[in-house]
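Some notes on the structure that comes next.
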Amino acid sequence: MNDPNGLIQWGELYHLFYQHNPAGPFHDRIQWGHAVSVDLVHWEDWPIALVPTGGGPDEDGCWSGCAVDQDGVPTLVYTGYDPQTVCLATSADGLRTWQKHAGNPVLARPPAGLDTGTPYNLRDPYVWREGKTWYMLLASKIVGIGGSVLLYRSDDLVNWTYLHPLLVGDMAETEPFWTGTEWECPNFFPLGDKHVLVVSVKKDGHDPSALLHVVQFTGTYRDQRFTAETQSLLDYGSCYYAPQVMRDAQGRALVWGWLWEERGEPAVRSAGWAGVMSVPRVLDLRPGGGLTIRPVDELQALRGAGRVFQDVTLTATSANPLAEVQGDCLELLVEFGDGDAAEFGIDVRCSPDRQEYTRIAYDRAQDRVTLDRAQSSTSPDVRRDERSAPVKRAAGEALTLRVFLDRSVIEVYVNDRVCLTSRVYPAREDSLGVQLFARGGRVTVERVAAWPMRAIW
Ligand code: DQQ
């Protein structure tokens, strides 16, 4: 699988569609897989929803798109490939089977006068309604300038009028991070009294290393114009991409992202599968600007018998309070308190002799959290970089790490606002240990909890 698509809650079911190649663990003639859940935790596979139609505008792939409620008719708005076009499909049986619109594609070709590359870039429709009017963003680029999202309007989802770019990136700007040369998979939604634009950023090229990261811009939307005020990465790890956001019946903005593989092609082929979804996360607006990002509370249903320790002091020579905890499917929560340690954190997936381990470390002087995979695996065939994120702790603010380990997936949440997600592939079966650590002083741990995570199946 790759991108999540068509997220929608219909009746009591959450529907998660996704880019899927049933023929093998590689990107080829993509279809839309489909899974449903009542609780965001346990999922049931449903039949494949969209398959390319020979001779149709999606004959080389049903690429990414969204789902909308068209006055009671579930409607998918997706990318036909190749070339990139906008196509529609509707369902008359509760989202089980889908009929493609006879007039597909409903939109082909970029607006005249815009150089979006050769072949042109115009994909990943994101659609919403204001009053009776539909609006759509398409991801694109403007050659020599940067990534862009183009805004369209329609009265019927079929006839679209181009308005203007909602936002254009600047490929010459690299601070605080590069926004690449091309954008994919836009999302645009109100959050509190602001609007948030999320785009997946890539550089030119077709190999996997062209995919960079996911940027969120928070700002003001008025009269179909968006002014970005703050920006950050939605995830500072190494494998999170193409997320999609949906609003559920409780009013939550829920987001799923695709986590790609970070081991070599031969290992992926022999595993026979590639790509997973992140856990669902809830987005909210932070009072001073920026976002909070938390895993949904429903995931607590997976917690097995936990171990909790309180008021532990850590130094470079302390015993490991989590010495008895073992596992590759764990939820960990660590609330650090006072202290002067230069660096502290938690090592996961540790082999008993520490030949393998993955470090999640907070550096007090730099006020950054790092997910370090240098020692994650003895296999020569894995990525071993480190990724780090600014925490921007307020004076007196504690540091809380919440970590989900799910086999090769590590999701780290720092103070409910900074995420780092990466994949690790320890070669040793006994790389299951967890270890708290501190260097250069002491730090108190006010509370640490470790739960085994039950299977979702
Ligand atoms: N993946 C889809 C495209 C999208 C890209 C193709 C992002 O629609 O732009 O599988 O990962």
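Magnitude of the Cβ-charge dipole of the chain, K/R +1 and D/E -1, about the Cα centre, nearest 20 debye?
The calculation lands at about 320 debye.
Would you please name the chymotrypsin sites (Phe, Trp or Tyr not before Pro) within segment 1-69 that are DSSP coil residues with at most 10 other C-beta atoms within 10 Å of their C-beta?
PHE26
Can you work out ³J(HN,Hα) from phi for every residue in segment 442-457, in order, using Karplus 6.51 cos²θ - 1.76 cosθ + 1.60 and θ = phi - 60°, giving whole Hz and x for Gly and Pro?
10, 8, 8, 10, 6, 7, 9, 10, 9, 10, x, 9, 6, 5, 8, 9
Which entries in the list LYS132/LYS194; LYS100/LYS194; LYS141/LYS194; LYS132/LYS202 go over 29 Å, if you measure between the two C-alpha atoms of each?
Violating the 29 Å Cα-Cα cut-off are LYS100/LYS194; LYS132/LYS202.
For the pair THR292 and PHE177, how long in nm is the line joining their label points, each one 7 Å along Cα→Cβ?
2.1 nm
Starting from the Cα-Cα distance between GLN355 and ALA23, subtract it from 0.36 nm times their residue separation and give me the gain in nm to one decimal.
115.8 nm
In the neighborhood of LEU330, defined by Cβ-to-Cβ distances under 14 Å, what is the net charge if each Lys or Arg adds +1 and each Asp or Glu adds -1?
0
So, R0 is 51 Å and r is the distance between the beta-carbons of ARG222 and GLU386; what FRET efficiency does that work out to, to 0.05?
In this case the efficiency is close to 0.80.
Could you give the size of the charge dipole of segment 48-177 about its Cα centre, using +1 on the Cβ of each K and R and -1 on the Cβ of each D and E, expressed in debye and rounded to the nearest 20?
220 debye
Mean shadow of the chain, computed from the convex hull of its alpha carbons, in nm²?
So the Cα hull casts an average projection of 21.7 nm².
Could you list THR421, THR116, THR90 so that the one with the fewest beta carbons within 10 Å of its beta carbon is first and the one with the most is last?
Least crowded to most crowded, the residues run THR90, THR116, THR421.
Divide by every residue of the chain the summed helix terms, -39500 (n - 2.57) for each DSSP H run of at least 4, and state the resulting mean residue ellipticity at 222 nm, rounded to the nearest 500 deg cm²/dmol.
Mean residue ellipticity at 222 nm (helix-derived): -500 deg cm²/dmol.
Sort ARG281, ARG109, ARG303 so that the residue with the fewest other Cβ atoms within 10 Å of its own Cβ comes first and the one with the most comes last.
So the ranking, lowest neighbour count to highest, is ARG109, ARG303, ARG281.
What ranking of GLU298, GLU331 emerges when the number of other C-beta atoms within 10 Å of each C-beta is taken as an exposure proxy, fewest first?
Sorted ascending by nearby Cβ count, the order is GLU298, GLU331.
Bear in mind these aren't lab numbers, they're just calculated from the coordinates by the rules spelled out. Source: prediction; values computed, not measured. Positions of Cβ are backbone-derived with ideal geometry, glycine not excepted, and every protein chain shown enters the neighbour counts.
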